[in-house]
Amino acid sequence: MTAPEQPDSTPPAAGSPKSRLARDLALYTVARLGLVAVVTAVILGVAALVGVDFPLIVALVFALVVAFPLSLVLFKNLRRKVNLDIAAVDDDRRRARADLHARLRGEQG
């Protein structure tokens, strides 16, 4: 007996655009901070292996410099999702504002 085939496209995310934006933005932020933590640990680990005393704050600054451009490449899909969520929230806000203006003018929607 074979398993049913899964569709190729993923279903749209549930919830309002604002809730999707909040979730995806939080995930993107945590991913970027995690990358900074990993790069910091690598810098401190390499420094310990070499036998150099490397200050934590300097390792964090170097990690930030390395992690930010690296996150643009590593988390490209997540960043695109956040951008699409921002566009959806903006579109909803624009539509609601146009509807409000129409109602204030006395037009029927």
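The values are calculated or read from the model by the stated rules, or taken from the named source; none is laboratory data. This structure is a prediction, so every number in the text was calculated from the model and none was measured. All Cβ positions, even for glycine, are placed from backbone atoms using ideal geometry, and neighbour counts span all protein chains on display. Please note that ligands, DNA and RNA were not included when accessible areas were found on the heavy atoms of the full protein model with its side chains. Shrake-Rupley method; radii C 1.70, N 1.55, O 1.52, S 1.80 Å.
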- Just checking, how many residues over segment 92-109 are closer than 25 Å to Gly15 by Cβ, open to solvent by 100 Å² or more (accessible area, probe 1.4 Å) and in a helix (DSSP H, G or I)? 4
- Message: Return the residues of segment 16-67 that are open to solvent by less than 40 Å² (accessible area, probe 1.4 Å) and under 19 Å from Arg79 (Cα atoms); say none if nothing qualifies.
- Response: Pro17, Leu21, Asp24, Tyr28, Ala31, Gly34, Leu35, Val36, Ala67
- Query: Here is a list of conditions, (1) assigned to a helix (DSSP H, G or I); (2) farther than 29 Å from Ser16 by Cα; (3) free of Cβ contacts under 8 Å to residues at least 12 places away in the same chain, and Phe62 meets all of them except one; can you say which number that is?
  - Reply: (3)
- Message: Against the definition (out of contact with any Ser or Thr (no Cβ under 8 Å at 6 or more places or on another chain), within 30 Å of Leu27 (Cα to Cα) and open to solvent by 90 Å² or more (accessible area, probe 1.4 Å)), how does Arg80 come out, yes or no?
- Response: yes
- Note on the structure: Val89 meets each of (1) touching a residue at least 12 places away in the same chain (Cβ under 8 Å); (2) open to solvent by 80 Å² or more (accessible area, probe 1.4 Å); (3) closer than 29 Å to Lys18 by Cα with one exception, condition (2)
